[in-house]
Each structure stands twice: as C-alpha cells, then as structure tokens.
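Notes follow the structure.
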Amino acid sequence: MGKEPVAVVGIGQTKHVAARQDVSIAGLVREAAQRALSDAELSWVDIDAVVIGKAPDFFEGVMMPELYLADALGAVGKPMLRVHTAGSVGGSTALVAANLVAGRVHGTVLTLAFEKQSESNAMWGLSLPIPFQQPLLAGAGGFFAPHVRAYMRRTGAPDSVGSLVAYKDRRNALKNPYAHLHERDITLEKVQASPMLWDPIRYSETCPSSDGACAMILTDRAGAARSPRPPAWMHGGAMRSEPTLFAGKDFVSPQAGKDCAADVYRQAGIADPRREIDAVEMYVPFSWYEPMWLENLGFAAEGEGWKLTESGVTELEGDLPVNMSGGVLSTNPIGASGMIRFAEAALQVRGQAGEHQVDGARRALGHAYGGGSQFFSMWLVGAEPPTT
C-alpha cells in the first residue's frame, strides 16, 4: 500500500502587523487556527493531532510555548508535536504534518506556525556572540550580504536587480489583505533611494519584523471528499540540511537547496520546472535572494536568474510569477514565514488567492530556507490529486 494522498482543505492567516498588542501568543495562534477551521468547515473535534512550529524561543523569551498553547489549539488530550528548523520551520512544520497524514498515522491534522516578534527583538537576538562561530554582526543581513555580493560578482548582475524585486513584491503586497507592509506610495525610485544597511542591501530591500500566524488543515482522501471547497493536493515535499560552515560550502547556491528541489520534482514528476510550474512562493527575506533561488531551484541556469527578474518574468502577470502575495519582503513573522509560502502556494491552486491570484494556476511551489542558508523545506501542490 502506497502513501495516503494529502490534501489542504483549510487555510487561515492573521493580519500580519508590527505589533499585535491586542492578543497574547495564545490568542494569535487561535485566530489563525479558527480561520483555517472555518475555511474547511470543520470544528476542533474533527482534528486528530496538532503540529506547531516557530523560530527560536528566545525571540519572544517564552520557552517551549507549545506546552501552554495546547488549550488555545484544541490539543488537550491529543498528540501535539513541535518542530524547529530555524527560518524554514514553517515549511518543515507543514511537512511533518503532511507525513502524519501520508503515513496514515492521523486522518486530519492542524498545522500552525507563528511569531510574535514584538515580544522581543529578533534583530539583536540574531546578533549574539556565540563561541567558536563567526559573528552575525547586526542581524541576519550582516550574515547574508557578503553572499549577495558574491552572487553579483559571480554572475555580473547589475546592482539594480535587488530594487526591482523589492518594488515588485511591495506592489504585490497591496493586493494581499493579510500582508504586513502596504506601501501605497511605493516607487522604484524610493526603493533605490532608501538607506544602505548592509552593502549591497538597502532598507527597502529587507523584510519587516512582524507579528502573525498561519494555519492549515491537512487531511486524507476521505477528508478531501467531504471538503466544501476544492482542495490543494500535495504532489511532493522534502527537507534537506547542511552545516552552516564547511570546506567547499557554496553560500550562493547551497547543495542542500538543490537536493531538496530535485527530490520534490522527482516526487511530482516534474522534468522542467520552468515550464511545468505555474507560480512560486519562495523565501526571499532580502530581495537579491529571488534571482539566487531561481537558479538554486532549477528555474534558471547558473548566472541567469537575475535576467528573469530584470525582464519581468517573475512579475504577477509574468511567465513565472514569484511571491504573488508580497512574500517575506512584505510579511515576516519568522516562524510562520515558511508556512505562509506553503499556504499561499495552496491558495493559488485552489483558486482562492483573491487579487493576487495567478490565472489558471494548476501547480505551485512553496519554498522556505533558514539558518545560514542550511535548512530547506519545499512542497509542490496541485489542483488535481497526485497520479501515483
């Protein structure tokens, strides 16, 4: 007997903002979970297990918060799992939940990820002096900026590409009511005139600090048959990791990312991702990572990713839309950011993405990465059930 097909039948997000001072962490996660249940037209009693994920606990200063969130998520007396893989945790959490359904351990699983960054300061949380490791300087940008510069040097990409990505994603965010940043007066000139934070990354080319949560209801074939709305079907999913530092590591295009994408494509029967995938929600916390991941994920040949961005291919109306929702550049509750990518891919193939819907999207990729470009999680979802 093969794996049980996995369907996404419910999706819920909070409105992502800089500070949700009106709710506790428990209130934040329950809001997303209730919206997912409402979308699926299910209740708490229909959920067999809960899988929850977030970024490091010191981001809020609440250790092992899942223990006190069981009540808020209807998980008292039910199995509850916590997942953590740094910034990719939202994607990894969804995959753990999907595997519980695929392995017939549980029939219907609520999976949820969150972050309440206003409770702490992730910028400085990522600047801790850790013994025997290279310093991250001021936040994640200090770590990734040299890798962006290496990409520019390796490919000859002009320094305008990062601004094009940021301008695109911030405009897409205006079509997404859940997005954090709604900069209605955004212009390319304003992006290019924003302060330089970590050369070559400008202020407007970076992600915000957000409070928010995202939840999904994953179920088996029988559960999907009862769904009042078209489900999104998982065609492939994988996780890969590699050390932060090792001899020969390629920070520009990590091998773990390539291997993860190859596994997902193999499971889904994808031979040419550029032609067979209709939309992509990828984890781009700094704008330059769009062209870098286009190459890492096989959508462009090495050194060619920036040309897809520059030519408009990744625009909402382009041949390969990327981050239709506004992406991490517009919304970044760190623990949930990866799950939002997965959920937004599912919304596309369900035809429920609203103003940022890609016409005729039948297959979409959700992508997340974390740590020092070392943890990767991805899934590919489709409008039709998998053929195998």
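Note on K15: accessible area is roughly 70 Å² with a 1.4 Å probe, heavy atoms of protein only. Expressed in units of 2.2 N^0.38 Å, where N is the residue count, the Cα radius of gyration of the stretch 247-369 is 0.99.
Expressed per residue, the C-alpha convex hull volume of the chain stands at 130 Å³. Ordering S120, N99, F58 by Cα displacement along the dipole of the stretch 36-122 toward the positive end leaves N99 in first place; charges were set at the Cβ atoms of Lys, Arg (+1) and Asp, Glu (-1).
Per residue, the accessible area of the chain comes to 38 Å² when a 1.4 Å probe rolls over the protein heavy atoms.
Remark: accessible surface ordering of L110, L188 (largest first) is L188, L110, probe radius 1.4 Å.
A Cβ-based charge dipole, computed about the Cα centre of the chain with Lys and Arg at +1 and Asp and Glu at -1, lands at about 340 debye. List the GluC sites (Glu not before Pro) in the stretch 175-257 that DSSP assigns to loop (not H, G, I, E or B) and whose Cβ has at most 13 other Cβ atoms within 10 Å. Which are they? Answer in residue order: no site qualifies. Of the options G269, P200, G371, report the single residue whose Cα projects farthest towards the positive end of the charge dipole of the chain (beta-carbon charges: Lys, Arg +1; Asp, Glu -1). Final value for the positive-end residue is G269. The listed residues S227, S373, once ranked by accessible area (1.4 Å probe) with the largest placed first, stand as S227, S373.
Positive end of the dipole of the stretch 206-266 (Cβ unit charges, origin at the Cα centre): among S210, G237, G257, the Cα lying farthest that way belongs to G237.
Magnitude of the Cβ-charge dipole of the stretch 1-100, K/R +1 and D/E -1, about the Cα centre, nearest 20 debye? Roughly 180 debye, rounded to the nearest 20. Dipole check for the stretch 276-388: with +1 at the C-beta of Lys and Arg, -1 at the C-beta of Asp and Glu, and the Cα centre as origin, the magnitude is about 420 Debye.
Note on E302 and D159: their simple-model spin labels are 2.6 nm apart, each label 7 Å out from Cα toward Cβ.
Suppose R0 equals 30 Å. What FRET efficiency, 1/(1 + (r/R0)^6) with r the Cβ-Cβ distance, do R266 and V105 give to the nearest 0.05? Display every interim value, and only then the final one.
Values: r = 24 Å, r/R0 = 0.79.
After rounding to 0.05, the efficiency reads 0.80.
Maximal additional length on extending the R229-M196 stretch stands at 7.3 nm, based on 0.36 nm per residue less the C-alpha distance. With Cα atoms defining each centre, the stretch 318-385 and the stretch 200-235 are spaced 7 Å apart in the structure.
Considering only D39, D359, D259, the Gaussian network model of the chain with Cα springs below 10 Å gives its largest mean-square fluctuation to D359. Only residues of the stretch 89-110 count here: report those whose backbone N is under 16 Å from the spot 7 Å along Cα→Cβ of M1, or say none. Label zone hits: 100-108. Within the assembled protein chains, the solvent-accessible surface assigned to T108 is about 20 Å², based on a 1.4 Å probe.
Of the heavy-atom accessible surface of the chain (probe 1.4 angstrom), what whole percent is carbon and sulfur?
Details: 7980 of 14640 Å².
For the chain, the apolar C and S fraction of the accessible surface comes to 55 percent.
Checking a compactness column here: for the stretch 1-102, what do you get for Rg(Cα) / (2.2 N^0.38 Å), N being the number of residues? Let's see the in-between values first.
Values: Rg = 14.1 Å, N = 102, 2.2 N^0.38 = 12.8 Å.
That works out to 1.10 for the stretch 1-102.
First measure r as the distance between the Cβ atoms of V23 and F58, then evaluate 1/(1 + (r/R0)^6) with R0 = 30 Å and state the FRET efficiency to the nearest 0.05.
On the way: r = 21 Å, r/R0 = 0.70.
After rounding, the FRET efficiency stands at 0.90.
Gain on full extension, evaluated as 0.36 nm per residue between V76 and A222 minus their Cα-Cα distance, stands at 50.1 nm.
The values are calculated or read from the model by the stated rules, or taken from the named source; none is laboratory data. Bear in mind the structure is a predicted one, so any value in this text is a computation, not a measurement. So basically every Cβ, Gly included, is an ideal-geometry build from the backbone, and we count neighbours across all protein chains shown. Heads up: the accessible areas ignore ligands, DNA and RNA and are worked out on the full protein's heavy atoms, side chains in. Shrake-Rupley method; radii C 1.70, N 1.55, O 1.52, S 1.80 Å.
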